[in-house]
1. So residue 351 fits all but one of (1) under 28 Å from residue 102 (Cα atoms); (2) at pLDDT 95 or above; (3) assigned to a loop (DSSP other than H, G, I, E, B); what number is the exception?
2. Do you know which of the residues in the range 216-228 that are surrounded by fewer than 18 Cβ atoms within 10 Å (Cβ to Cβ) and on the phi < 0 side of the Ramachandran plot is farthest from the chain's Cα centre (by Cα)?
3. Considering only residues that are without any contact (Cβ under 8 Å) to a residue 60 or more places away in the chain and of a type in the set (A, V, I, L, M, F, W, C), which ones fall in the range 221-264?
4. Can you confirm whether the range 233-245 contains a residue that is over 17 Å from residue 112 (Cβ atoms), surrounded by 21 or more Cβ atoms within 10 Å (Cβ to Cβ) and not polar (S, T, N, Q)?
5. For the range 6-23, state whether one or more residues are touching a His at 6+ places or on another chain (Cβ under 7 Å) and small (Gly, Ala, Ser).
6. Among the residues of the range 236-256 satisfying the criterion of being small (Gly, Ala, Ser) and more than 23 Å from residue 81 (Cα to Cα), which is modelled with the lowest pLDDT?
7. Please specify each residue of the range 75-86 satisfying the condition of being assigned to a helix (DSSP H, G or I) and either modelled with pLDDT of 95 or more or more than 18 Å from the chain's Cα centre (by Cα) (or both).
8. Taking the residues in the range 7-61 that are acidic (Asp, Glu) and assigned to a loop (DSSP other than H, G, I, E, B) as candidates, determine which candidate is least open to solvent (accessible area, probe 1.4 Å).
Amino acid sequence: MGDLGGVRTEETVNGGTDVWSASDAAASTADHLVVMVHGILGSTADWKFAADQFVRMLPDKVIVHCSERNMHKLTLDGVDIMGERLVAEVLEVIDRRPEIRKISFIAHSVGGLVARYAIGRLYRPPRKPQEDLSDDAFDDNSRGTIGGLEAMNFITVATPHLGSRGHKQVPFLFGVIAIEKVASRVIHWIFGRTGRHLFLTDHDDGKPPLLQRMVDDWGDLYFMSALQAFKRRVAYSNVGYDLGWRTSSIRRNSELPKWEDSLSQKYPHIVYEEQSKGECANVSPIDVDCDMLEEKLVTGLTRLSWERVDVSFHSIRQRFAAHSVIQVKDSFVHSEGADVIQHMIDHFLTRGSI
């Protein structure tokens, strides 16, 4: 156990990391679990900077758990298998900390898909049935819970919500369509079962691709009901030098905004923000640059409201590492992304219904 500058860290039995305030007075009132999920080939260390900052700035509000159950090569096992592991991990944390009343997720890259899968399993229906997907239709009795906890913030950071196929969706393929078509056939050699999920080439037992299933409730997995339970859904996206902007911001090409350099001293790399309301599924236009499967994913996810925060590191030396900078994966090398973490903290919803 360590106590560094007002932050206490402890490695759990299975290797995860809990972070909370070193002040006993502050820690005694913290009842909000923030689960941070890393991306492909990642580890608990990827969120260390953000976890420390959250606890330092919200010492009496949050306890952070950096997930460990899917580290390194385990991230190649598939979104569903990783999701099931994350479910078990989150339930163990909840059991270990009976003071927890609220829960939020902050997930990077493919970790955002893993978190979306996991909440579908952790979802518990509301006391009163809810049919309407409109946020305005909710009251506290009609929201479901996540593992019995009040669902607050669901935040993804550079997550390929629409998969990774299509023009300029994978940074290392340079947007070359011919290469991307070949990659879709061999990606499982590189990224295993996770690659098939990302390229939407999985058809387990004749079912639709997993990402398509995840824009609805499917059997005993309440993917959309779980997302709906959160008071906020936020997508942070890099506008360039990363996986496709549209897949991480859940937009069609025609919906990508024009942006200019930020004039904010506090958030110098945030170039555009918008808050969208949920759309009716039958009125969404078909984008000529968006194939039908991707259109199903966009249409499904945008039935709910999303906050979108667009980020640009185009002017920094480490811009080609934007996928890591936006998360501050390494506090020294990727420090330019600190304003994005600050933005998350400043807009983080901590007050629940109680």
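The values are calculated or read from the model by the stated rules, or taken from the named source; none is laboratory data. Quick caveat, the model's predicted, so the values are computed rather than measured. Counting neighbours? That spans all protein chains shown, and the Cβs are built from the backbone with ideal geometry, glycine included. Keep in mind that these areas ignore ligands, DNA and RNA; they rest on the heavy atoms of the full protein, side chains included. Shrake-Rupley method; radii C 1.70, N 1.55, O 1.52, S 1.80 Å.
1. Residue 351 satisfies every listed condition except (2).
2. So in the range 216-228, the residues surrounded by fewer than 18 Cβ atoms within 10 Å (Cβ to Cβ) come out as 216-220.
With the extra rule that they be on the phi < 0 side of the Ramachandran plot, the set shrinks to 216-218, 220.
Values: 216: 17, 217: 18, 218: 20, 220: 22 Å.
Among those that are surrounded by fewer than 18 Cβ atoms within 10 Å (Cβ to Cβ) and on the phi < 0 side of the Ramachandran plot, it is 220.
3. Within the range 221-264, 256, 259, 263 meet the criteria.
4. So the first thing to find is which residues in the range 233-245 are over 17 Å from residue 112 (Cβ atoms), and the list is 239-241.
Checking the rest, the ones that are also surrounded by 21 or more Cβ atoms within 10 Å (Cβ to Cβ) come to none.
Within the range 233-245, none of the residues are over 17 Å from residue 112 (Cβ atoms), surrounded by 21 or more Cβ atoms within 10 Å (Cβ to Cβ) and not polar (S, T, N, Q).
5. yes
6. Here is the first cut: in the range 236-256, the residues small (Gly, Ala, Ser) are 237, 240, 244, 248-249, 254.
After this cut, where a residue has to be more than 23 Å from residue 81 (Cα to Cα) as well, the list is 237, 240, 244, 249, 254.
On the way: 237: 97, 240: 94, 244: 89, 249: 97, 254: 93.
Top of the filtered list is 244.
7. Initially, the range 75-86 is screened for residues assigned to a helix (DSSP H, G or I), giving 75-76, 79-86.
79, 80, 81, 82, 83, 84, 85, 86 - these are the residues of the range 75-86 that are assigned to a helix (DSSP H, G or I) and either modelled with pLDDT of 95 or more or more than 18 Å from the chain's Cα centre (by Cα) (or both).
8. Restricting attention to the range 7-61, the residues satisfying the condition of being acidic (Asp, Glu) are 10-11, 18, 24, 31, 46, 52, 60.
From the residues that got through so far, the ones that are assigned to a loop (DSSP other than H, G, I, E, B) too are 31, 60.
Details: 31: 40, 60: 60 Å².
Top of the filtered list is 31.
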